[in-house]
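Working notes for the structure below.
Any read-out appearing in this document is the output of simple, stated calculations on the displayed coordinates, not a laboratory observation. Predicted model, so just to flag it, every value in this text is computed and none were measured. We place every Cβ from the backbone using ideal geometry, glycine too, and count neighbours over all the protein chains shown.
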Amino acid sequence: MVGARPLLVALAFAGCGRIGFDPTGGTSDASAGGDAGRDVPSLVGVATTTTNGDTLAVPLAGGGGELLVAAVAIYDPIGSVVGVSDDLGANTFVSAGAREVVPGTSSTEIWYAADSQPGATTVTVQLSAAVGGGLWLSQYTGVAPTAPRDQVAIATGVEAPTVAAPPVVTTSANELVVSVVVIASGAADDIAAGNPFIAMPAVNGDDAAYGVEPVPGSYGAVWDADGSGATCASTASFTAAPR
């Protein structure tokens, strides 16, 4: 976290082809591995924003049937996410139960909506106070349409040459794993060598990342980092859809 800025929105969309990740952090054809009985989640797009106030809003696009994941960094521990909604009220967002707090500094949370409905164009995160924060809204196909959340983990730490989000232990093949980290003084850089995650665009030096993990195991994002300071991070995994 390098200081909140006025509202800024960025939007990027990936192709619809399925993308997986090899153990060195590169991309590979995930359909070649994992469980043939489960789909392979694929990123559709990512929208990011930051604010000094109590509302984070980003554009939403997609054809429906997707998992929407809102990873949130809040720049004061007194703030929390009150709720997440879209402009049509079509999608029901719930907390993944992965809120972590660094006393006196910051907090992180993950919310999600399963099996998204088409038509909504904006997603808004409402904070409990005007403390500022960052949002990464990512959209995925190939995730279970009901009760997709599997595992969560939270942790605080101190930035070193790297900053690590807490790992979750996935329980099935091809799970989607999303991590978010806020750094009190410093910035997350690229994903560390050997870590099987893909970074989303950084927001105020903080970041979120995702991976699709072909076999059950322990997974969390790790970034190279600049500076030093307390860190706060959350991770959640989501089950792939059956084929």
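Annotations
- Local net charge near TRP136, Cβ-Cβ under 13 Å (Lys/Arg +1, Asp/Glu -1): -3
- Theoretical FRET efficiency, 1/(1+(r/R0)^6), r = Cβ-Cβ of THR122 and THR171, R0 41 Å, to 0.05: 0.75
- Protection proxy ranking, peptides 110-117, 46-53, average beta carbon neighbours within 10 Å, highest first: 110-117, 46-53
- Whole-Hz Karplus values for region 182-187 come out as 10, 10, 5, 8, x, 8 Hz, taken residue by residue from phi with 6.51 cos²θ - 1.76 cosθ + 1.60 and θ = phi - 60°; glycine and proline positions read x.
- Relative to its Kirkwood radius, the Cα radius of gyration of the chain gives an Rg/Rh of 0.94.
- Inter-label distance, nm, simple model (7 Å from Cα along the C-beta direction), VAL215/ASP189: 3.1 nm
- Charge dipole (Cα centre; +1 on Lys/Arg Cβ, -1 on Asp/Glu Cβ; no other charges) of the chain amounts to roughly 300 debye.
- Prolate/oblate/rounded call for region 142-243, Cα gyration tensor, a/c under 1.5 rounded: prolate
- For the chain, modelled as a GNM whose springs connect Cα atoms under 10 angstrom apart, the maximal fluctuation among VAL82, VAL102, VAL177 occurs at VAL82.
- Here the contact order of region 8-238, divided by its residue count and restricted to Cα pairs under 8 Å and six or more residues apart, works out to 25 percent.
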